1. Give me the residue from the range 21-80 that is more than 41 Å from the chain's Cα centre (by Cα) and among the charged types (D, E, K, R) and, out of that set, nearest to Leu366 (Cα to Cα).
2. Considering the range 302-319 alone, what residues qualify as being over 22 Å from Cys78 (Cα atoms), within 23 Å of the chain's Cα centre (by Cα) and surrounded by fewer than 11 Cβ atoms within 10 Å (Cβ to Cβ)?
3. Return the pairs, sorted by first residue and then second, in which the second residue is exposed (fewer than 11 other Cβ atoms within 10 Å of the Cβ) and not acidic (Asp, Glu), the first residue lies in the range 232-255 and is without any contact (Cβ under 8 Å) to a residue 40 or more places away in the chain, the beta carbons are less than 8 Å apart, and the residues are 6+ apart or on different chains.
4. Can you tell which of Asn193, Asn186 is closer than 26 Å to Arg348 by Cβ, in contact with a strand residue (DSSP E or B) (Cβ under 9 Å, 6 or more places away or on another chain) and part of a helix (DSSP H, G or I)?
5. If I filter the range 204-221 for residues that are within 26 Å of the chain's Cα centre (by Cα) and within 25 Å of Thr83 (Cβ to Cβ), do I get at least one hit?
6. Across the range 331-371, what is the total count of residues that are among the hydroxyl-bearing types (Ser, Thr, Tyr) and in contact (Cβ under 8 Å) with a residue 40 or more places away in the chain?
7. Tell me, yes or no, whether the range 196-215 has at least one residue that is in contact with a Pro (Cβ under 7 Å, 6 or more places away or on another chain) and either closer than 19 Å to Gln290 by Cβ or charged (D, E, K, R) (or both).
8. Out of all the residues in the range 355-371, is one or more closer than 12 Å to Phe306 by Cα and surrounded by fewer than 18 Cβ atoms within 10 Å (Cβ to Cβ)?
Amino acid sequence: MGYLRVLQRCVGPEEAEGILKSIHSGNCGNHAGGISLAHKTLRQGFYWPTLFVDAKRIAARCEACQKIANNIHQPPECLQSITSPWPFAIWGIDLIGPMPTAPGGAKHAIVAIDYFTKWVEAESLVHITEANTTSFVKKNILYRFGIPNIIITDNGTQFNSKKFRELCDKFKINNYYASPAHPQTNGQTEVVNKIIKHNLKAKLAAKKGSWAEKLPQVLWAYRTTERSSTGKTPSSMAFRAEAIIPVETAFSSPRVQLFQQELNIDMLKCGLDELEERREHTQIRNAAYQQRAARYYNSHMRERRFALGNLVLKRVASGTKDKAAGSLTDKWEGPYHITCIAGHEAYRIARKGFGELPWPRNAQYLKIYYP
């Protein structure tokens, strides 16, 4: 008789396995965790020396429990920030939409941000095609700011296409793709998208269909607002001078009142000499900002790395959920096995009978599978 004051029968290894499985996942089982499973076994009147160890093992290796387990929110590895060495060297590109149909049929917007100056380009799109994304890059990036070193996008067919890759190859641009369902890889663009959508909502009120008309105004506001990471406006970072905004002409700011063309030209020349130093100071400030963000991010990190051949489960993406199952659908699917370590936090995985998935998966969306 144990501390629970219940008469207990000591059983051997053969019976122990069956007892645990029956209590855990049998007709009256509730798929309890290891400790709860062990206590329930004791209350039912069974005992053996390795009961708690065996109960934890059975609960951990239950396939049903592994597939319905809660998503893991702690980051698997330390944050690695993307830093641009000079203006217009690294651009992130993403899409917004679908949105209310605007005049002309536009339902989407394509957005690009320079990682150094935080300068943003965007335009409305009727259709998301490789021709439109390629044209946007040429018109709004290459022809205006020169050839970048890196362009970061998601792996949608509009970017992972022959025409888009040919453009990058022609101008020796490195095209980096974010892992599926992991927009943090292109985090700066995601932040800009939220700001653009927030400002559009504020400007449009009930007239949501006129978002394409208001988009240039939203970009103007963004470019002339100080960014916390740099302490400067994108306009001043890109062109040294602050852009004149409507309030200055409406209420005669000192810049407008004291404008002298000859003096203005001299000041601009002096400003160009100072520009590189200002950008260096801004780069230092941006690095400090990224370090603060990394400290906060890493404080929640729980290391999770995988080796070649490891069996893993993959988080079920929202687009691949079983709609017939509704809210009862599994949260994880698999098992898969690791076939290649593709980079920082990125792994290629394959499933027996289905082959390798086309894109690497981020470690945040994988977890070890216990057979």
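The values are calculated or read from the model by the stated rules, or taken from the named source; none is laboratory data. Just so it is clear, the model here is predicted, and its values are computed rather than measured. Reconstructed Cβ throughout: ideal geometry from the backbone, glycine too, with neighbour counts over all protein chains shown.
1. Filtering first and then ranking leaves Lys40.
2. Of the range 302-319, the ones over 22 Å from Cys78 (Cα atoms) are 309, 311, 316-319.
Still in the running and within 23 Å of the chain's Cα centre (by Cα): 316-319.
Residues satisfying the conditions are Ser318, Gly319.
3. Ser253/Val247
4. Asn186
5. Checked the range 204-221: at least one residue is within 26 Å of the chain's Cα centre (by Cα) and within 25 Å of Thr83 (Cβ to Cβ).
6. 4
7. Yes: the range 196-215 contains one or more residues that are in contact with a Pro (Cβ under 7 Å, 6 or more places away or on another chain) and either closer than 19 Å to Gln290 by Cβ or charged (D, E, K, R) (or both).
8. Checking the range 355-371: at least one residue is closer than 12 Å to Phe306 by Cα and surrounded by fewer than 18 Cβ atoms within 10 Å (Cβ to Cβ).
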